[in-house]
1. Collect the residues in the stretch 191-223 that are part of a helix (DSSP H, G or I), under 25 Å from the mean Cα position of the chain (by Cα) and either surrounded by 15 or more Cβ atoms within 10 Å (Cβ to Cβ) or basic (K, R) (or both), keeping them in residue-number order.
2. Would you please name the residue that is surrounded by the most Cβ atoms within 10 Å (Cβ to Cβ), looking only at residues in the stretch 160-190 that are part of a helix (DSSP H, G or I) and of a type in the set (K, R)?
3. Only residues that are of a type in the set (D, E, K, R), more than 16 Å from the ligand (Cβ to nearest atom) and part of a helix (DSSP H, G or I): list them for the stretch 286-310, please.
4. Report every pair of residues separated by at least 6 positions or lying on different chains whose Cβ atoms are under 6 Å apart, first residue within the stretch 42-59 and in contact (Cβ under 8 Å) with a residue 60 or more places away in the chain, second of a type outside the set (F, W, Y) and not in a loop (DSSP other than H, G, I, E, B).
5. With the requirement that a residue be within 11 Å of the ligand (Cβ to nearest atom) and modelled with pLDDT of 95 or more, what does the stretch 214-227 give you?
6. Can you name the condition, by its number, that G266 falls short on among (1) crowded, with 18+ Cβ neighbours inside 10 Å; (2) within 27 Å of R44 (Cα to Cα)?
7. With the structure loaded, tell me whether P230 is out of contact with any Asp or Glu (no Cβ under 9 Å at 6 or more places or on another chain), in a loop (DSSP other than H, G, I, E, B), away from the ligand (no atom under 16 Å from the Cβ) and more than 14 Å from S332 (Cα to Cα) or whether it fails that test.
Amino acid sequence: MRIFGQMENQGHEQVVFVQDSDAGLTAIVAIHNTVLGPALGGTRLYPYATEEQALRDVMELSRGMTYKAAAAGLPLGGGKAVIIGDPLKNKSERLFRTFGEFVQRMNGLFYTGEDVGTDTSDMDIVRRATRFVGGVSPEHGGAGDPSPVTAYGVLQGMRACAAERWGRDSLEGRRVAVQGLGKVGWALTELLQQANATVIGCDANPERREQAYRQLGIQTVDTDEMYDVPADIFAPCAMGGSISQHTLPRLTCEVIAGSANNQIAGADVPRAILERGILYAPDYVINAGGLINVYVELHGYDRTRALALTREIYSRLRKVFAVAQELGIPPSVAADRIVEQRLAQGRRERTSNGASAADVSGNPATSIAGVVAQPH
Ligand code: NAD
């Protein structure tokens, strides 16, 4: 593995390998960029087949977090942690507590929260060892599951798409195909129903699909049929990579807007979406509600503030569409340019002030340059 080469290619600042055999902890923390603030990113617990896979995942995900935080206008950088293990077999109090002690020793350079394979109860354990964690349950002073706020942000993004494409931001009467009826997809369906849109849903889990049919009263289809469903908006809310050269020709929608991370599979797909006349809401711009929620939680949670900041996704997307239109580029490329400008500006300010990033509470960083986290 050429780790330094990979770090240089993707612009990572630091990668830390963590090992504690007694606690069953094998983890990697990637700090991608702290120009705008300390790195924030969830902790994923996943049974990676190889260490290379785990490393690749944490590096890509941490880079994505830099872009998501910058696009949301937050004073945060990008990071991510992966713990190698099986969520069904390897969870233990000792594991999360030891991981929390490690996060504590990073001393505010890295803030974490839940992700695939971890949940609020795991973060409650991490919280016992460190204050640098969000996604903690309300009983322990946290904001709980961020998914409803993510769904709320996706709804704001859909309204921005409607305004862009159809000239008014009402979703009334629109048909929305929601792919994945998990935590976000379910909450989004409820919000869409309140906005008088019609939802057609699918889920890989037949029980979840049946539950949605009964409790939400929506039409559901097989996962394979989802791309052919007549709809105004296609909302990818399951796993990444669902928009590809294979699935795109099947879509009948005019807008793609959903919560999934890394929705697009293939470098030529953004241009192909544009050429098909479909408006695409870049994933990391529209799905930032959960990150915003955790950011607010770290200051002492205030739901009203979290929702107000999340509503800004509407105007942020309109700006992305305006830049895309002006330059004749896909919205995903426009979003990247806006972020890269913000990072370049941050870098210039950091160089001219000689200052390091402020921590999330607005205080000077806890000696970011001086923190050298030692693995167990
Ligand atoms: P989740 O695990 O609760 O739900 C995902 C659902 O998708 C599950 O019900 C699963 O059965 C279903 N699914 C998996 N593959 C499918 C397929 N091929 N077709 C249809 N359904 C399929 O996850 P979630 O928290 O709802 O997150 C959904 C997506 O949004 C993920 O990509 C996640 O990374 C992203 N996201 C979530 C949040 C958040 O706050 N939860 C924030 C930002 C991004």
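The values are calculated or read from the model by the stated rules, or taken from the named source; none is laboratory data. Just so we're clear, the structure is a prediction, and the values are computed from it rather than from any experiment. Positions of Cβ are generated from backbone atoms using ideal geometry, with glycine treated the same way; all protein chains shown enter the neighbour counts.
1. Once the filter is applied, which keeps residues that are part of a helix (DSSP H, G or I), under 25 Å from the mean Cα position of the chain (by Cα) and either surrounded by 15 or more Cβ atoms within 10 Å (Cβ to Cβ) or basic (K, R) (or both), the stretch 191-223 yields L191, L192, Q193, R208, R209, A212, T223.
2. Among them, the one singled out is K183.
3. The answer is R305, and nothing else.
4. Qualifying pairs under 6 Å: G42/E114; T43/A81; T43/T112; R44/V82; L45/I83.
5. Within the stretch 214-227, T220, V221, D222, T223, E225, M226, Y227 meet the criteria.
6. (1)
7. Taking the combined requirement at face value, the residue satisfies it.
Listed here are the residues, each with its yes/no results for (1) of a type outside the set (V, I, T); (2) part of a helix (DSSP H, G or I).
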{"site": "R44", "(1), (2)": "yes, no"}
{"site": "A49", "(1), (2)": "yes, no"}
{"site": "L55", "(1), (2)": "yes, yes"}
{"site": "V58", "(1), (2)": "no, yes"}
{"site": "R63", "(1), (2)": "yes, yes"}
{"site": "K68", "(1), (2)": "yes, yes"}
{"site": "G79", "(1), (2)": "yes, no"}
{"site": "I83", "(1), (2)": "no, no"}
{"site": "L88", "(1), (2)": "yes, no"}
